[in-house]
Amino acid sequence: MPVRPPLPAREPEAPSPARGEAAASDPRRPTPVRQGMETDRDDAVEASAAQATFSRGAESWIARVEGRGGSGGARDSGTPLLFLSFSPAEDPGSPRFEALCVARRLADLTEAHLLDALRGAVPYQSDWQRKGLFSETHRGGSRK
């Protein structure tokens, strides 16, 4: 039986990156779910102090972010929503109107967007003035 010649020596391979590093370095890989769920600290700071001042005619108004949410189903990424309150600049602690806006952050809204939101806003209701979602539902326990 003939003897094979020896194979040439191979250069040592670089160690493979850890799982998280591989995902970050390979643009073809999707973003890990946990990374997508992490909140950005800048967003948390922006949410706690988010307000914008704008003018409507001779009046100055302050728009504040009261809450965030989204709409959409499991098949799409959803639409980001901001719940805004509007206060006159002379009395910033007393909101007069409220509105929902399509935006991820208050900084994404221009003055024109804020004016449109104020035009379509409804009178502000505090938490104790709001009805429950199904407050008119009969609580008797049986259907008739």
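Scanning region 79-124 for residues that are surrounded by fewer than 12 Cβ atoms within 10 Å (Cβ to Cβ) and modelled with pLDDT under 90 turns up just one, Gly93. Listed by first and then second residue, the pairs linking a residue in region 96-115 that is closer than 11 Å to Val65 by Cα to a residue that is hydrophobic (A, V, I, L, M, F, W, C) and surrounded by fewer than 18 Cβ atoms within 10 Å (Cβ to Cβ), with Cβ atoms under 6 Å apart and 6 or more places separating them unless they lie on different chains, are Leu100/Leu81; Leu100/Phe83; Leu106/Ala52.
Restricting attention to region 70-84, which residues are part of a strand (DSSP E or B) and without any contact (Cβ under 8 Å) to a residue 24 or more places away in the chain? Break it down into steps so the answer makes sense when it comes.
We begin by selecting, within region 70-84, every residue part of a strand (DSSP E or B); these are 70-71, 79-84.
Residues satisfying the conditions are Gly70, Ser71, Thr79, Leu81, Phe83.
Of all residues in region 85-104 being part of a loop (DSSP other than H, G, I, E, B) and in contact with a Lys or Arg (Cβ under 9 Å, 6 or more places away or on another chain), which is farthest from Arg56 (Cα to Cα)? Can you show your working first?
So in region 85-104, the residues part of a loop (DSSP other than H, G, I, E, B) come out as 89-96, 103-104.
Narrowing the set further to residues that are in contact with a Lys or Arg (Cβ under 9 Å, 6 or more places away or on another chain) leaves 92, 95, 104.
Working: Pro92: 15, Pro95: 16, Arg104: 23 Å.
Per the criteria, the residue is Arg104.
One residue stands out in region 40-78 among those that are surrounded by 11 or more Cβ atoms within 10 Å (Cβ to Cβ) and of a type in the set (A, V, I, L, M, F, W, C): the one that is modelled with the lowest pLDDT, namely Ala47.
The values are calculated or read from the model by the stated rules, or taken from the named source; none is laboratory data. In this text the structure is predicted, and so the values were computed from the model without any measurement. As a convention, Cβ positions derive from the backbone with ideal geometry for all residues, glycine included, and neighbour counts pool all protein chains shown.
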